[in-house]
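What follows is a set of notes on a single structure, which appears directly below.
The values are calculated or read from the model by the stated rules, or taken from the named source; none is laboratory data. Computed from a prediction, not measured in an experiment: that's the story for all the values here. Cβ placement follows ideal geometry from the backbone for every residue including glycine, while neighbour counts extend to all protein chains displayed. When the accessible area is computed, the model is the full protein with side chains, heavy atoms only, and any ligands, DNA or RNA have been set aside. Shrake-Rupley method; radii C 1.70, N 1.55, O 1.52, S 1.80 Å.
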Amino acid sequence: MGVAGPSGPVLDRDEVDRALARLGAEHEAIETSLLALQDHAGRRLLEGAELTGTTKERWGTAEASITLLWSYFDAYADALRSAREIRSRRRWSSRDDLVELTELLRGESVTVAGSASATAAAPTMAGTGRLSERFTLAELVERMNELYATSLDMVVTADAVWSALPARIVLLAAELQRTRRLAHSVGVRPGEHPSGDDLERITRTLTSLREQVVSDPLAFWAPAQGSSAPGGGRPDTTRYDREARALEEVRREIDAVLTVRQDAEARLVRLRDVLSRADRTLAEARSARGEVLAKIAASEVPAVSGPPTALQEQLAMASEYRRHAQWHRLSPLLESLEEKAEDELLRARESLTAVTAPLAVRAELRGRLDAYKAKVARLGFAEDPLLVERYDAARRMLWSAPCDLRVAEQAVLRYQQAAAEVLVPRVPGDGGPQDRRGES
């Protein structure tokens, strides 16, 4: 080191050479970065786009920053060139040369002048009232790094959104058009079906979304929390994703309508069959009710309703929808009819069961009476006068019309009790029967 000068200790020849080598490497790196920024696809798109909103505001600042960057770089290159010229005057630099080089390399030796248009929007010089600034080379590099980072962040962010969203919107719009054609083929149209209205809304939203993405891409950017790297974050696809889900729901609805078109006839045949079985069951219940009223006395027999005309009318309407290819109307009607038809068949079966319950009770009493008679006969008491008398009384009640079930049931119980008394063992432990008719 030499004696201190205005910029500190005077650099020796080796220090000057090392500083020039470092500054030369920095010059090459900065130039490479600036050229890459200049050729960046995002920057070219920004220059040619009709921008709005946040993107327009930030691009105005970025453009001024890029212009100022080149001014800084030119000043940096001029200072480096001057230093190299001084160093190249002689092999062994004089003290005056070293003092001059020290001032150039360490001091505020670089003056950057810029026009008002170039500096008005840039994040430097603006508001200072000056159109020029003085820097050391180190300060100038630091300032260029700051401007480059903010400019690159803006360019990379816009390019990332443009690379991601417009293409996806175009693909979704193409799928939307295919879905619209398919919807039209099955009668799903705006004003006639909710899915048709949804398709119109999705179309308007996608058109507006694409225009906004193209003119203001930064409005669709979600920065990464805590990231300071240029382009840290991701495109915000919230609105796009919402419309994609809505289109998927409409597509499922259209698929359901298409399924209806494919198997409508088979489903209508099944519906007619179910309703026919319900009608036959109700007819059987009405016939059985007449039989019950004729054969069973003192019994509450529920009334049997006729077949529901509303279901038949809806079935006829469904056939009309199929005939005129109104699949979007047929789909919900078929689903409703299938559920109602099954309910109607269940109701008819329950009605038949309720109506025939007295006949079932009579049949059960008959079976019980015959079972006890067979048991008594098997044990040799078929001719027992008391049993014969009670059996005949119960049988007359159960096989006569109208049959009073309550009285008949009491007669069967009396026969059972008489049979039980006859069949009591003679002595405990002896398996032979005991005749207790005298006691009776």
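Give the residues of the stretch 79-103 that are free of Cβ contacts under 8 Å to residues at least 12 places away in the same chain, in a helix (DSSP H, G or I) and either loosely packed, with under 13 Cβ neighbours inside 10 Å or aliphatic (A, V, I, L, M) (or both), sorted by residue number.
R81, E85, D96
Scan the stretch 260-309 for residues that are under 46 Å from the mean Cα position of the chain (by Cα), open to solvent by 40 Å² or more (accessible area, probe 1.4 Å) and of a type in the set (A, V, I, L, M) and jot them down.
A266, V269
Run down R251, R270, R286, R277 and say which single residue is closer than 30 Å to P402 by Cβ and modelled with pLDDT of 85 or more.
Only one candidate passes the filter, namely R286.
Just a yes or no: is a residue in the stretch 286-307 in a helix (DSSP H, G or I), under 21 Å from E175 (Cβ atoms), of a type outside the set (S, T, Y) and without any contact (Cβ under 8 Å) to a residue 12 or more places away in the chain?
no
Check D236 against each of (1) of a type in the set (D, E); (2) at pLDDT 90 or above; (3) surrounded by fewer than 16 Cβ atoms within 10 Å (Cβ to Cβ); (4) in contact with a helix residue (DSSP H, G or I) (Cβ under 8 Å, 6 or more places away or on another chain) and name the one condition it does not meet.
(3)
From the residues in the stretch 28-48 that are open to solvent by less than 50 Å² (accessible area, probe 1.4 Å) and of a type in the set (G, A, S), which one is nearest to A62 (Cα to Cα)?
G42
Does the stretch 383-394 include one or more residues that are open to solvent by 30 Å² or more (accessible area, probe 1.4 Å), touching a residue at least 24 places away in the same chain (Cβ under 8 Å) and among the hydrophobic types (A, V, I, L, M, F, W, C)?
Within the stretch 383-394 (the criterion being open to solvent by 30 Å² or more (accessible area, probe 1.4 Å), touching a residue at least 24 places away in the same chain (Cβ under 8 Å) and among the hydrophobic types (A, V, I, L, M, F, W, C)), the answer is yes, since at least one residue qualifies.
Please go through (1) in a loop (DSSP other than H, G, I, E, B); (2) under 24 Å from the mean Cα position of the chain (by Cα); (3) buried (at least 19 other Cβ atoms within 10 Å of the Cβ) for L206 and return the number of the only condition it doesn't satisfy.
L206 satisfies all of (1) in a loop (DSSP other than H, G, I, E, B); (2) under 24 Å from the mean Cα position of the chain (by Cα); (3) buried (at least 19 other Cβ atoms within 10 Å of the Cβ) except (1).
Provide a single number: the residues in the stretch 104-138 that are open to solvent by less than 70 Å² (accessible area, probe 1.4 Å), of a type outside the set (A, V, I, L, M, F, W, C) and either part of a loop (DSSP other than H, G, I, E, B) or at pLDDT below 70 (or both).
Within the stretch 104-138, residues that are open to solvent by less than 70 Å² (accessible area, probe 1.4 Å), of a type outside the set (A, V, I, L, M, F, W, C) and either part of a loop (DSSP other than H, G, I, E, B) or at pLDDT below 70 (or both) number 8.
Quick one: is A325 open to solvent by less than 70 Å² (accessible area, probe 1.4 Å), more than 30 Å from R189 (Cα to Cα), touching a residue at least 24 places away in the same chain (Cβ under 8 Å) and not β-branched (V, I, T)?
no
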